[in-house]
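See below for the structure under consideration.
The values are calculated or read from the model by the stated rules, or taken from the named source; none is laboratory data. Worth saying up front: this structure is predicted, and the values here are computed from it rather than measured. Cβ placement follows ideal geometry from the backbone for every residue including glycine, while neighbour counts extend to all protein chains displayed. We work out accessible area using only protein heavy atoms, side chains counted, and drop any ligands, DNA or RNA first. Shrake-Rupley method; radii C 1.70, N 1.55, O 1.52, S 1.80 Å.
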Amino acid sequence: PKSGTVSSTLTTTLNDFKKGKFEYKADKTGIVHVTIGKINFTESQLIENLQALYNSIEKNRPSGVKGKYFKSLFICTTMGPSIKLDLNSFV
């Protein structure tokens, strides 16, 4: 199951997600798989979600990590090819 979706307190869990709770984690190779939008989102909504995700990961990185945290950043559709993003555009 997805992180945070199995709970014995259904009402509390639903309220948390309605308030914007979001969980993500990296796989064993350090890759984070996250949905940032859907086909009906505008370009500005997708950019805003991507920027918020980037900022969240940077803010919550492990305290022992020094220097650059991202080596590269790619986005893609569910079954489409990936597109490499310029990390300098997030600074």
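Quick notes
- Of the candidates Ser44, Ser63, Ser56, the single residue that is surrounded by 10 or more Cβ atoms within 10 Å (Cβ to Cβ) and either under 14 Å from the mean Cα position of the chain (by Cα) or hydroxyl-bearing (Ser, Thr, Tyr) (or both) is Ser56.
- Selection from the stretch 73-91 of residues that are in a loop (DSSP other than H, G, I, E, B) and open to solvent by less than 50 Å² (accessible area, probe 1.4 Å): Leu73, Gly80, Leu85
- Scanning the stretch 50-63 for residues that are in a loop (DSSP other than H, G, I, E, B) and of a type in the set (S, T, N, Q) returns Asn60, Ser63.
- Count of the stretch 5-49 residues which are part of a helix (DSSP H, G or I) and not aromatic (Phe, Trp, Tyr): 15
- Check on Lys59, basic (Lys, Arg) and in contact (Cβ under 8 Å) with a residue 12 or more places away in the chain: no
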